[in-house]
Each structure stands twice: as C-alpha cells, then as structure tokens.
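Colleague: The structure's right below; bear with me while I get my questions together.
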Amino acid sequence: MDPPPRRLAAPLLLLLLLLAVAPPAAQAWKRDEFRNCNQTPFCKRARTRAPHSLDAPLSLSAGSLAGSPDGSISAELSHPSRPRPLVLRLSALPPHALRLQIDEDYSTAAPSHRRFQVPDVLLPDLEARTLHLAEPKTAGGVSTVALSSNLDVVVKHDPFELTVRRAGSGDPVLSFNSHGLFDFEPLQVSKPEEETWEENFRSHTDKRPRGPQSITFDVSFYGADFVYGLPEHGSTSLALRPTRGPGVEESEPYRLFNLDVFEYLHESPFGLYGSIPFMIGHGARGSSGFFWLNAAEMQIDVLAPGWDEAATPENGRIDTLWMAEAGVVDAFFFVGSEPKDVVKQYISVTGTPAMPQQFATAYHQCRWNYRDEADVDGVDAGFDEHDIPYDVLWLDIEHTDGKRYFTWDHSAFPNPEVMQRKIADKGRKMVTIVDPHIKRDSSFHLHQEATEKGYYVKDANGNDYDGWCWPGSSSYPDMLNPEIREWWADKFSYENYKGSTPTLYIWNDMNEPSVFNGPEVTMPRDALHYGDVEHRELHNAYGYYFHMATADGLLKRGEGKDRPFVLSRAFFAGSQRYGAVWTGDNSADWDHLKSSIPMVLTLGLTGLPFSGADVGGFFGNPEPDLLVRWYQVGAFYPFFRGHAHHDTKRREPWLFGERRTAIIREAIHVRYSLLPYFYTLFREASVTGIPVMRPLWLEFPDDKETYNNGEAFMVGPSILAQGIYEEKSVSVYLPGKESWYDLRNGSPYKGSVSHKLPVLEDSIPSFQRGGTIVPRKDRFRRSSTQMLNDPYTLVIALNSSNAAEGELYVDDGKSYDYQQGAFIHRRFVFADNKLTSLNIAPDNLGKKKFTSECVIERIIILGLRSGAKKAIIEPGNQEVEIESGPFSLRSGSSPVVPTIRRPNVRIADDWTIRIA
C-alpha cells in the first residue's frame with residue numbers, strides 16, 4: 001500500500017499508515033495482499049510446462065564431462081538457442097553427499113553483472129572437505145561417477161539428467177531433471193526494445209532492469225512415503241501435502257519468501273517469516289534430502305501421483321518441482337540409511353546449532369509491552385508470589401525512545417540498569433527488542449552515522465531506501481556488507497547501548513525485512529545491496545545476516561566469553577549458528593496450538609532446534625482452557641515463551657483463578673524439572689544437529705504409523721508427548737515394542753499400540769520410553785540459575801531386557817569454556833541389575849576443567865520386577881535402601897515407585913550401584 005501524501009503532518013501520516021497496513025488483531029488476514037503463483041510470472045511460466053516439453057532442453061556438450069584439479073568434475077551445458085552455455089560442477093562431501101553447481105559461463109559475451117551466489121551460509125571449510133571424484137566412465141551417452149562405496153552418480157547427456165543411485169542394486173535414490181523441466185533463463189545484456197520486463201502487483205511496479213532470470217527443475221525422491229521440510233508455513237500436517245495433481249484441491253505451491261504475515265492461516269502453503277529450501281524424503285527403504293542454497297523467492301510443488309498423466313504412477317516415488325526467481329543452482333543431495341544421517345549431513349554443510357546458555361532453555365515471559373519499571377517489578381514479584389519460576393523478562397518496542405533502537409523511554413524506564421540488576425539478583429535476565437528499521441531522524445545518532453557512511457540499502461535509483469515501519473520513515477542497514485555487520489555489532493557495547501548490562505540480551509523482530517508500505521509488506525525487489533546485488537536475489541537471507549550481526553555484537557560485548565542469546569523472527573539456512581527463532585505472530589485459537597507442533601518439528605528437521613511458538617497465541621484473548629493447554633504443550637517446546645499483543649487482556653499465569661494457576665505452575669515446573677535433560681539434548685544438537693523436539697519417525701524410522709503424526713512428538717530419544725486440542729478423550733500411539741511409562745505417575749503402557757486415554761485437566765499425555773534414563777532436578781527455585789547446585793534425580797525406565805541408558809551433560813551454563821574441555825558428560829547404563837556411571841567426555845579437547853559437587857539424591861526405577869530392598873554403592877560398599885517413593889517431589893505426591901533414596905553419588909564420578 002502506498003503511503004499517504006507527504007504534505008500530511010508526520011504524526012497524522014504515521015497514524016493513517018499504521019491503520020492502513022497494520023490492522024488490529026480482530027481483522028482477518030487478507031489473502032489478496034500477497035501474490036499467488038499466477039501473479040508471479042516466473043512461477044506461472046514454470047507451472048504451465050508439461051514434462052519433457054521444453055523447446056530447448058539442455059544437453060552436455062560431447063566430451064566435456066571431465067575431472068578438475070580440485071577433485072570435482074565439470075561439464076558444459078548448452079543449446080544452440082542460448083546466448084551462453086552453462087557450466088556444471090559436481091563435487092562430493094563426506095560421507096556421501098553430492099554437490100551440484102550450475103551457473104552461466106561468463107568467459108564470453110558476459111552480461112554487466114553476475115548472478116548472485118549466497119555467501120556466508122556454507123561452512124568456510126567446505127571446499128577443504130571436498131572429496132576427490134574419479135574420472136567418470138562414459139558409455140552410450142551416459143556417464144557414471146562413484147560417489148562412495150555404495151552410491152553412484154549417473155549423468156545422462158542428452159537431454160541432461162542426473163541420478164544418485166545405490167551402486168549394488170542400481171536403485172535410484174534422488175534424481176534431478178528426470179522429467180525434463182530444467183530451465184535456466186539467461187541474464188541479458190540489455191533490455192530489448194520490443195519487450196517490457198516490468199511486473200506490477202497492486203500499486204507497486206518492479207522495473208526488473210535485469211530481466212527475467214528464473215531457474216526451474218524437478219527433483220524426485222525414490223523410496224519415500226512422505227516428504228518434509230520447507231519451513232515456514234502453517235499446517236497441522238507434518239508431511240508436506242501434494243500441491244498439484246489428481247485429487248489435489250490446494251493449487252498453490254509451497255512459497256519460500258520471508259514475509260511479515262499477521263494472523264497467518266494455520267493450513268496454507270503460503271510463506272511466512274523464514275525460508276529454508278531443504279526437503280527430506282523418508283520411507284521404509286531409507287531417507288534422502290535435497291537442499292538448494294538460493295535466497296531468492298522460491299515456489300515448490302509437491303506433485304501427486306499421476307501429475308504427469310502417467311498411466312501407472314511409480315510407487316514409492318515423490319516428484320517435486322522447484323522454481324526460483326533468480327540466483328544459481330547450488331544444490332546438495334544427501335542420502336542416509338536413516339533420517340538422522342540426512343539431518344547430520346545438512347548440518348555438516350550449514351553448521352551446527354549454537355549451544356545456548358542454560359537460562360535460555362527455561363521459561364521466558366514477554367508482552368507487547370510491559371509499560372514501565374513498576375510494571376516490570378510487579379510482574380517479577382507476581383511470579384515469586386505464586387511460586388512460579390521464570391528466567392527471562394522481555395521488553396517490546398515501547399521501551400524505546402520513540403522507536404529508536406538502543407535507547408530507552410526515560411519517562412517509563414528512567415533507571416534501566418537498576419531495573420536489570422534487581423532482576424539479575426534473582427538469577428534472572430532481561431531481553432530488549434532491536435529491529436532493522438532505523439528511524440530517519442536527523443537528531444538520531446544511529447541514523448546520522450549510517451547516512452554519513454552510506455550504510456543503508458539503496459533504492460533502484462541509488463538513493464538510501466526510505467520505507468515505513470514502526471518509527472515511521474525508516475531506512476535499513478545493508479547487512480550483506482561485512483563492514484556494516486561489524487559496525488552494527490559495535491552498537492551492542494555498553495558504551496554504545498547506554499543502559500544495557502551483562503544480563504541483557506536481544507530480540508530481532510521485523511527482519512524479513514518488514515516494510516509497511518512496500519510490496520507485500522516487504523522491501524522492493526529492485527532495491528540494491530552491497531556488490532550491486534538486487535534485493536530479489538538475497539531477500540530470504542536478509543534476516544539471517546541481521547541475526548548474524550546481532551549475535552556477533554553480543555559476542556563482542558562479552559569479549560568472546562559469554563554465549564549470546566538472540567531470538568530472530570526471520571531465518572534462513574544457517575540461522576541455527578546464531579540463536580533461536582519462533583513461529584511469529586500466531587493467534588489464540590486451538591488450530592494455531594495444533595499447528596505449532598508440526599511447525600516446530602519442521603524447524604528442528606531443517607537445522608533449527610531452538611524454536612517455539614508464542615504460548616497462548618500472540619493475537620487475541622485465549623479462552624482459559626486453551627491457555628492452560630498451551631502451557632502444557634509449550635513446556636516441551638525447545639524455546640518456551642509466553643507472549644501477547646498489546647491489544648489483548650493481561651495473561652500472566654496467575655490471572656485465571658487458583659485452579660488454572662496451579663495447573664500452569666505444574667506445567668512450568670515440569671519444564672524446570674527436565675532442564676538437565678533439555679540441556680543435554682541441546683548439547684547433542686550443538687554437536688550433531690539432531691533436534692531437541694523430534695517427529696516420532698526420527699526415533700522410529702521403520703514404523704509407518706509415525707510417518708505423518710503431527711500431534712505427538714518426541715523430546716530427545718526418551719520422552720513422548722501429545723497435545724490436547726479440545727477432545728474429551730485422546731488416542732495416543734506409542735511406537736516401538738518396549739513399554740512406555742506415564743510421566744505423571746510411572747504407570748506402564750504397551751508399545752506399538754494406540755491407547756485411548758481420558759483427557760485430564762492437569763496434564764497432557766506424556767511418557768518416558770522403556771530403555772531410557774532421564775536426569776531431572778526436582779527442587780524448584782525462582783530461576784534455573786538458583787538450581788545450579790541442587791541435587792539430581794535419575795528416572796530409569798527399564799525395557800523388556802531390564803536395561804536402560806541415558807546421558808547427562810553439565811557445564812558452567814554460560815561461557816565457551818566447554819569448547820576447551822570444561823564440562824561433565826556422563827553415560828548412565830543399567831544392565832544386569834547394575835547402574836553404572838561412565839565418563840564419555842573426550843580427553844583431547846583442552847586443558848580447562850569443570851567440576852561440580854552436585855550429587856544424585858534419588859534414583860527411580862520403573863519396571864523393576866524383583867522385590868529387592870537394598871542396593872550396594874561401589875566404590876565404598878555402601879548399602880542403601882530401596883523403598884516406595886513419590887514420582888515427583890511436589891506436595892501431595894504419594895509413594896508409588898521403587899526409589900533408591902540418598903545414594904549421594906557425585907555426578908562427576910565413576911560409580912556403580914548394584915541392586916542386591
């Protein structure tokens with residue numbers, strides 16, 4: 001929407017603009033404010049093509065497929081009608097990932113600029129890890145390259161097609177262009193007079209001075225029952241539903257284009273705040289993945305069987321169509337025997353997730369906005385008064401001086417440092433918001449400096465881009481430029497960010513980037529960035545660079561010793577290296593609670609393990625039962641935050657009556673008791689990329705009953721939970737052959753069975769898997785920091801072999817000393833009636849050490865069949881009693897489970913406890 005005329009007074013102008021483009025929560029989302037595929041020329045063109053119908057299919061030039069000195073294989077793709085050939089490069093990464101790169105050949109008849117290749121996303125050592133591929137074997141117009149001992153790459157020359165297949169059987173796993181839909185629109189040197197390249201949407205015109213430059217291709221997943229991934233979109237289905245083909249009602253592709261979408265639809269392939277072009281295929285025959293490093297707008301079709309009018313569609317194959325507005329082909333093919341292999345390979349390319357501080361894994365309390373220091377004091381005291389722990393209190397945009405970031409409204413927050421210290425005295429932290437739109441105010445030092453240095457994104461005419469957001473007229477730092485990112489990082493120093501303290505952390509919102517008067521509420525595509533890159537080419541990565549620069553700022557502030565915490569709304573591949581994300585402006589309704597599960601699961605599968613949804617819904621007033629159910633689910637989100645819009649009623653956890661307060665308190669207590677387990681899972685994610693919150697099939701890849709279950713989920717390998725969405729009873733499928741034990745009372749349930757359970761007011765169905773050991777802390781304090789020296793409980797859930805195992809990871813919870821060996825990492829193994837604690841920390845990480853005097857005060861053994869009454873602790877030959885004890889230490893809990901009380905063995909030591 002265009003802004004009102006400039007002659008209006010600034011306050012009235014801003015008011016009218018905000019009323020026009022930021023409607024209140026009660027107003028429904030308007031689909032026509034955003035482009036669909038038919039209004040997007042590159043998508044419309046690509047979707048109209050039938051298989052093998054292109055007039056100019058590309059072919060490998062005869063004899064051009066050959067090895068290169070760097071170990072890769074290169075070839076030339078050409079057709080007589082193209083002004084320039086394309087250059088193809090194949091390379092391999094361990095253990096068996098294939099990289100395919102295709103770009104134009106700029107050596108002859110080059111255009112005035114090159115196509116954009118996204119920097120700073122792939123790990124810098126990627127080329128060093130590239131494997132040497134042997135010379136291809138060519139026969140009959142087909143070349144074969146050994147990718148690994150059990151995988152081949154087969155390249156068909158004319159027309160071009162690529163297949164990754166199993167070497168022994170010849171079974172295909174992934175293919176590229178097997179349906180002949182590959183198209184690569186060439187850059188053009190100058191605009192032809194007889195053709196216009198302009199594109200119009202609503203009142204906006206995109207001049208497209210460089211012409212159409214889209215890329216299209218098909219990718220097929222063989223042996224896949226379902227495909228997953230492509231965040232971010234709202235859906236109650238974990239698996240990606242077909243978007244085209246027989247029997248498909250939804251006609252829009254999955255859109256990847258970062259947008260500020262308030263009150264988004266819970267069932268839609270429409271793009272939301274972040275974009276990760278990574279898809280996983282999974283079935284009984286194995287798993288595979290495909291990742292396209294491209295930050296331009298993408299549209300992806302999942303094609304239903306028979307879409308190509310095949311008389312007998314091939315079983316176990318899912319075809320997909322990938323369409324991008326610009327960029328190059330820089331694609332990765334991953335193959336694994338199980339889905340965790342595929343996730344690990346993707347992470348090996350884009351980077352392992354950041355290890356969060358301990359406090360960040362606990363509960364966060366937020367609202368737009370806590371009004372002033374008295375309000376902050378009152379909320380903080382309310383948690384203590386009602387015996388509800390929390391770790392972080394957040395401030396939204398109203399805490400600033402007129403929406404000028406890095407400032408404070410001194411009438412409401414006259415003593416920000418004192419306020420933060422009062423919170424910190426209880427072991428708590430604060431978070432303030434810092435968005436990318438900089439108020440265009442000549443008296444604002446940040447705007448003055450950015451203007452003088454030329455640090456803003458430019459419009460198509462080369463002037464500082466001027467858009468509208470919360471402060472009114474705003475400009476946006478060009479975060480593609482490393483120099484500007486460094487400048488931005490400096491703004492988080494205590495000297496530059498007056499009123500900040502070491503316990504203040506940061507929240508990046510609106511970084512899609514959101515522009516209220518821009519096309520589709522974002523920056524125009526023909527805006528210009530560092531290196532003469534058009535915004536269309538990097539749009540989906542803008543928020544990623546902003547997140548990166550902010551995290552680097554906190555890292556600099558702490559002199560490299562303090563792990564940053566930065567929450568970002570926009571994200572891209574690689575965002576996991578810089579912090580947490582959330583699912584954006586959801587609504588207080590049951591459907592958004594239900595869709596939050598597959599949304600968070602999908603983020604975890606695509607590299608972002610630290611994510612969650614706003615508990616209670618951001619827009620609207622949740623009915624009390626919905627709020628309670630959301631807390632019960634949110635307690636298992638990796639990122640656990642309550643948040644609300646300023647137009648909503650206050651909803652701190654104690655405002656809904658004593659009974660509901662007690663239930664919400666219990667849900668938050670569940671999270672705090674499980675913090676040792678969550679922290680251990682975050683350690684695993686930071687090393688392997690395996691998410692904290694997982695779809696059932698990630699742990700049970702052979703169980704088809706789990707493949708499209710988006711209501712239940714795993715937390716790590718040991719805990720299963722399922723939300724309640726208004727039902728009077730609920731059916732919960734417990735996979736695997738082993739028993740499961742109720743997290744409330746330890747009652748056993750059979751595996752491989754769906755259990756119809758009554759809906760209980762005080763909890764959601766949640767279970768511990770037989771064969772696992774879960775560490776807990778059962779004493780409750782005001783914050784996780786105050787639990788630091790508290791003793792542990794181990795909950796042992798025995799399987800049918802009377803065995804179980806689990807892990808505990810502990811470090812100082814805040815610094816990077818763990819990278820030099822300063823941590824405790826134990827594996828607990830129960831077998832042959834013995835519980836053994838084993839050190840699994842490597843010896844060669846560094847000289848720093850971490851010690852802890854914490855002990856284990858209780859060991860609960862679920863499924864213990866013997867009537868044993870005693871246990872012997874070694875070393876020391878100390879005898880302790882086994883007696884019936886409560887499952888939890890909360891008041892009113894009755895003795896129901898076999899418990900070894902006060903063994904008081906240290907978590908840092910080797911020891912064995914034998915059941916006598």
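The values are calculated or read from the model by the stated rules, or taken from the named source; none is laboratory data. For clarity, every value in this text was computed on a predicted model and none was experimentally measured. Because the Cβ atoms are built from the backbone with ideal geometry, glycine has one as well, and the counts that use them run over all protein chains shown. The protein model used for the area step is the full one, side chains on, heavy atoms only, and it has no ligands, DNA or RNA in it. Shrake-Rupley method; radii C 1.70, N 1.55, O 1.52, S 1.80 Å.
Colleague: Applying the selection to the range 891-916, what residues are among the hydroxyl-bearing types (Ser, Thr, Tyr) and either exposed (fewer than 13 other Cβ atoms within 10 Å of the Cβ) or more than 15 Å from residue 794 (Cα to Cα) (or both)?
Modeller: Those that are among the hydroxyl-bearing types (Ser, Thr, Tyr) and either exposed (fewer than 13 other Cβ atoms within 10 Å of the Cβ) or more than 15 Å from residue 794 (Cα to Cα) (or both): 891, 893, 894.
Colleague: Moving on to the next point. So residue 442 ticks every box in (1) assigned to a helix (DSSP H, G or I); (2) surrounded by fewer than 16 Cβ atoms within 10 Å (Cβ to Cβ) but one. Which box is left unticked?
Modeller: Against the list (1) assigned to a helix (DSSP H, G or I); (2) surrounded by fewer than 16 Cβ atoms within 10 Å (Cβ to Cβ), residue 442 comes up short only on (1).
Colleague: Among the residues of the range 148-178 satisfying the criterion of being acidic (Asp, Glu) and under 21 Å from residue 85 (Cβ atoms), which is most open to solvent (accessible area, probe 1.4 Å)? Working first, answer last.
Modeller: Going through the range 148-178, the residues acidic (Asp, Glu) turn out to be 152, 158, 161, 171.
Keeping just the survivors that are under 21 Å from residue 85 (Cβ atoms) gives 158, 161.
Numbers: 158: 107, 161: 45 Å².
Restricting to residues being acidic (Asp, Glu) and under 21 Å from residue 85 (Cβ atoms), the top hit is 158.
Colleague: Go through the range 131-165 and give me each residue that's among the aliphatic types (A, V, I, L, M), over 30 Å from the mean Cα position of the chain (by Cα), under 21 Å from residue 329 (Cα atoms) and not in a strand (DSSP E or B).
Modeller: 133 - this is the single residue of the range 131-165 that is among the aliphatic types (A, V, I, L, M), over 30 Å from the mean Cα position of the chain (by Cα), under 21 Å from residue 329 (Cα atoms) and not in a strand (DSSP E or B).
To keep it simple, each residue is scored yes or no on (1) open to solvent by 10 Å² or more (accessible area, probe 1.4 Å); (2) part of a strand (DSSP E or B); (3) at positive phi.
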| position | (1), (2), (3) |
| --- | --- |
| 272 | no, no, no |
| 279 | no, yes, no |
| 282 | no, yes, no |
| 302 | no, yes, no |
| 308 | yes, no, no |
| 319 | no, yes, no |
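Colleague: May I pose another question? Taking the criterion of being in contact with a helix residue (DSSP H, G or I) (Cβ under 8 Å, 6 or more places away or on another chain), crowded, with 21+ Cβ neighbours inside 10 Å and under 21 Å from residue 199 (Cβ atoms), would at least one residue in the range 477-487 satisfy it?
Modeller: Checked the range 477-487: no residue is in contact with a helix residue (DSSP H, G or I) (Cβ under 8 Å, 6 or more places away or on another chain), crowded, with 21+ Cβ neighbours inside 10 Å and under 21 Å from residue 199 (Cβ atoms).
Colleague: Let me ask another. State all residues of the range 76-113 that are open to solvent by 60 Å² or more (accessible area, probe 1.4 Å) and touching a residue at least 40 places away in the same chain (Cβ under 8 Å); if no residue qualifies, say none.
Modeller: Once the filter is applied, which keeps residues that are open to solvent by 60 Å² or more (accessible area, probe 1.4 Å) and touching a residue at least 40 places away in the same chain (Cβ under 8 Å), the range 76-113 yields 83, 95, 109, 112.
Colleague: It is to be established whether one or more residues within the range 114-130 are farther than 26 Å from residue 275 by Cβ, open to solvent by 10 Å² or more (accessible area, probe 1.4 Å), small (Gly, Ala, Ser) and part of a loop (DSSP other than H, G, I, E, B).
Modeller: Within the range 114-130 (the criterion being farther than 26 Å from residue 275 by Cβ, open to solvent by 10 Å² or more (accessible area, probe 1.4 Å), small (Gly, Ala, Ser) and part of a loop (DSSP other than H, G, I, E, B)), the answer is no, since none of the residues qualifies.
Colleague: Hey, another quick one. Can you name every one of the strands (runs of 3 or more DSSP E) wholly within the range 759-812 that holds 1 or more residues which are at pLDDT 95 or above, within 28 Å of the chain's Cα centre (by Cα) and of a type in the set (Gly, Ala, Ser)?
Modeller: On the way: elements: 766-769, 772-776, 792-797, 804-810.
Per the criteria, 766-769, 804-810.
Colleague: Filter the range 851-905 down to the residues that are assigned to a strand (DSSP E or B) and among the acidic types (Asp, Glu) and list them by number.
Modeller: Filtering the range 851-905 for residues assigned to a strand (DSSP E or B) gives 855-862, 870-874, 878-886, 895-905.
Scanning the range 851-905 gives 857, 874, 879, 881, 883.
Colleague: Among the residues of the range 521-557, write down those that are open to solvent by 10 Å² or more (accessible area, probe 1.4 Å) and acidic (Asp, Glu).
Modeller: Residues satisfying the conditions are 526, 532, 552.
Colleague: OK, next. Which residues, counting only those in the range 710-749, are at pLDDT below 95 and closer than 20 Å to residue 607 by Cα?
Modeller: 710
Colleague: Against the condition among the polar types (S, T, N, Q), open to solvent by 40 Å² or more (accessible area, probe 1.4 Å) and under 24 Å from residue 745 (Cβ atoms), how does residue 888 come out, does it pass? Talk me through it step by step, then tell me what you get.
Modeller: Values: among the polar types (S, T, N, Q): yes; open to solvent by 40 Å² or more (accessible area, probe 1.4 Å): no; under 24 Å from residue 745 (Cβ atoms): yes.
Criteria not met by residue 888.
Colleague: Here's a follow-up. Kindly list the number of the only condition in (1) modelled with pLDDT under 95; (2) under 28 Å from residue 99 (Cα atoms) that fails for residue 267.
Modeller: The one condition residue 267 does not meet is (2).
Colleague: Go through (1) of a type outside the set (Val, Ile, Thr); (2) in contact (Cβ under 8 Å) with a residue 24 or more places away in the chain; (3) on the phi < 0 side of the Ramachandran plot one by one and return the number of the condition residue 499 breaks.
Modeller: (3)
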